[in-house]
1. Quick one: how many residues across segment 1-15 are part of a helix (DSSP H, G or I), charged (D, E, K, R) and touching a Pro at 6+ places or on another chain (Cβ under 9 Å)?
2. Restricting attention to segment 35-50, report how many residues are in contact with a Pro (Cβ under 9 Å, 6 or more places away or on another chain) and assigned to a loop (DSSP other than H, G, I, E, B).
3. Hey, R27 hits all of (1) exposed (fewer than 10 other Cβ atoms within 10 Å of the Cβ); (2) at pLDDT below 95; (3) of a type in the set (K, R) but one; which does it fall short on?
4. Give the number of residues within segment 16-34 that are aromatic (F, W, Y) and either in contact with a Ser or Thr (Cβ under 9 Å, 6 or more places away or on another chain) or assigned to a helix (DSSP H, G or I) (or both).
5. Among the residues of segment 51-74, write down those that are surrounded by 13 or more Cβ atoms within 10 Å (Cβ to Cβ) and either in a helix (DSSP H, G or I) or aliphatic (A, V, I, L, M) (or both).
Amino acid sequence: MRTPASLRRRGAGRAVLTHIVQEARARGYRRLSLETGSMEAFAPAQKLYESFGFSYCGPFADYKPDPNSVFMTLALEERAA
């Protein structure tokens, strides 16, 4: 996801990510994983993901190690029945 510069720091990214995480939990997903850029311009995105509990990990699925990519993952708690 990407927020236009003129709309940053208004909570749009946080709102979208909140919705994604809530929907993943509602669907019973066990994990969310993402790829983002490794350059300084992506530091705010990485901080947002960290604030949600995402941690850094290695490549997943068909991704290969890439110096331009950062991989992150979030284990979703199982809900009590």
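1. Going through segment 1-15, the residues part of a helix (DSSP H, G or I) turn out to be 5-7, 12-15.
With the extra rule that they be charged (D, E, K, R), the set shrinks to 14.
Next cut, touching a Pro at 6+ places or on another chain (Cβ under 9 Å) only: none.
So the answer is 0.
2. Taking segment 35-50 and keeping what is in contact with a Pro (Cβ under 9 Å, 6 or more places away or on another chain), we get 35, 38.
Among the residues that remain, those that are also assigned to a loop (DSSP other than H, G, I, E, B) are: 38.
Of the residues in that region, 1 qualify.
3. (2)
4. First, the residues of segment 16-34 that are aromatic (F, W, Y): 29.
Keeping just the survivors that are either in contact with a Ser or Thr (Cβ under 9 Å, 6 or more places away or on another chain) or assigned to a helix (DSSP H, G or I) (or both) gives none.
Here the count works out to 0.
5. Residues of segment 51-74 that are surrounded by 13 or more Cβ atoms within 10 Å (Cβ to Cβ), as a first pass: 52-54, 57, 59-60, 69-74.
Once the filter is applied, which keeps residues that are surrounded by 13 or more Cβ atoms within 10 Å (Cβ to Cβ) and either in a helix (DSSP H, G or I) or aliphatic (A, V, I, L, M) (or both), segment 51-74 yields V70, M72, L74.
The values are calculated or read from the model by the stated rules, or taken from the named source; none is laboratory data. Quick caveat, the model's predicted, so the values are computed rather than measured. Quick reminder, even Gly has a Cβ in these numbers, built from the backbone with ideal geometry, and neighbours come from all protein chains shown.
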